[in-house]
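Asks: Let me begin by handing over the structure; questions about it come next.
The values are calculated or read from the model by the stated rules, or taken from the named source; none is laboratory data. Model, not experiment: these values are computed from the prediction. Positions of Cβ are generated from backbone atoms using ideal geometry, with glycine treated the same way; all protein chains shown enter the neighbour counts. These area figures cover heavy atoms from the full protein model, side chains too; ligands, DNA and RNA do not enter into them. Shrake-Rupley method; radii C 1.70, N 1.55, O 1.52, S 1.80 Å.
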Amino acid sequence: MITKTKLDELVKKYETKNFITTDPVKFIHMFKNKKDIEIAGFISSIFSYGNRKAFIAKLDELFSIMNYTPLNYVLNFTPNKKDLDNFNYRFSKGKDIKEIILILNKLYKKDNSSLEKLFQYGWETHKNVKGMLITVSDYFYANVKNNVTKGFYHLIPNAHKSSSLKRMNMFLRWMIRKSPVDTGIWNFMPTSELIIPLDTHVARLSVETGLIKKAAGNFKTAQEITNILKTFDPIDPIKYDFALFGYGVNNK
């Protein structure tokens, strides 16, 4: 099994500002305003699947459409806007993206409301990540008013199901942790309660490093890996996401 010393070395090597340039986290570092950051982070995270170069290119295109002012774009978005009609990425069509923006529009037009408040409400209600993400997906599903495709439900995964919820956990890492890479602009929950963003790459590396014996791409496996990482750092176990990334780079 890989040692804590080795994992800590990999974190130190890869959790640097250089990591930002080739990762979707780069989009949240384009902004200073808190609500711009969280909207940009949410949108960047939900599109982070498939080929990395492909989805980063699509995100560049999407933020260009938004004129790199995500909060202003959301607040002024109306159903008759056409600039997203031809935007698509893999499963998701223009109508799916428009519906997400319309739901964000409704959320941010409420007094003192935001993605932070929505996630915080979920956390304070359930006191665990799974319950919090159920609150979030339920909110989006309850506010769908127009026809959407399955691509909408791929972008906003159903947290009631057993998937690892990788992209939502990655978004939480960006918002809750404070580091050279993650922003730490939200402080309603401790870093110790975050769950590792689990995809097939992280699952495979967790087996290769001896953290776990076998992996399934579900939330239970993400929790299992996180609990093991807590034995190395009970306060900030998800920093080892960078170590697993670095291990993968070093051992291609």
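The rows are residues; the columns are (1) of a type outside the set (D, E, K, R); (2) without any contact (Cβ under 8 Å) to a residue 60 or more places away in the chain.
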site: Phe55; (1), (2): yes, yes
site: Ile65; (1), (2): yes, yes
site: Lys98; (1), (2): no, yes
site: Lys117; (1), (2): no, yes
site: Lys130; (1), (2): no, no
site: Leu133; (1), (2): yes, yes
site: Val136; (1), (2): yes, yes
site: Tyr141; (1), (2): yes, yes
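Asks: Before we move on, is Lys17 surrounded by fewer than 15 Cβ atoms within 10 Å (Cβ to Cβ), touching a Pro at 6+ places or on another chain (Cβ under 9 Å) and either touching a residue at least 60 places away in the same chain (Cβ under 8 Å) or not hydrophobic (A, V, I, L, M, F, W, C) (or both)?
Replies: Yes: the conditions hold for Lys17.
Asks: Right, another one. Does Asn80 meet the test of being at pLDDT below 95, of a type outside the set (A, V, I, L, M, F, W, C), surrounded by fewer than 19 Cβ atoms within 10 Å (Cβ to Cβ) and over 16 Å from the mean Cα position of the chain (by Cα)?
Replies: In short, yes.
Asks: Could you say whether any residue in region 95-111 is modelled with pLDDT under 95 and not hydrophobic (A, V, I, L, M, F, W, C)?
Replies: Yes - at least one qualifying residue is present in region 95-111.
Asks: Something else about it: With (1) touching a residue at least 40 places away in the same chain (Cβ under 8 Å); (2) within 29 Å of Thr231 (Cα to Cα); (3) open to solvent by less than 30 Å² (accessible area, probe 1.4 Å) as the list, and Gly184 as the residue in question, which single condition is left unmet?
Replies: So Gly184 meets the others, but not (1).
Residues are listed down the side, and each one gets a yes or a no for (1) surrounded by fewer than 20 Cβ atoms within 10 Å (Cβ to Cβ); (2) within 19 Å of Ala40 (Cβ to Cβ):
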residue	(1), (2)
Lys95	yes, no
Ile100	no, yes
Leu107	yes, yes
Asn112	yes, no
Val129	no, no
Tyr141	yes, no
Val144	yes, no
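Asks: Looking at (1) modelled with pLDDT of 95 or more; (2) more than 23 Å from Ala142 (Cβ to Cβ), which one does Ile39 not meet, given that it meets all the others?
Replies: Ile39 satisfies every listed condition except (2).
Asks: Since Ser192 meets every condition but one in (1) at pLDDT 95 or above; (2) surrounded by 16 or more Cβ atoms within 10 Å (Cβ to Cβ), which condition does it not meet?
Replies: The one condition Ser192 does not meet is (2).
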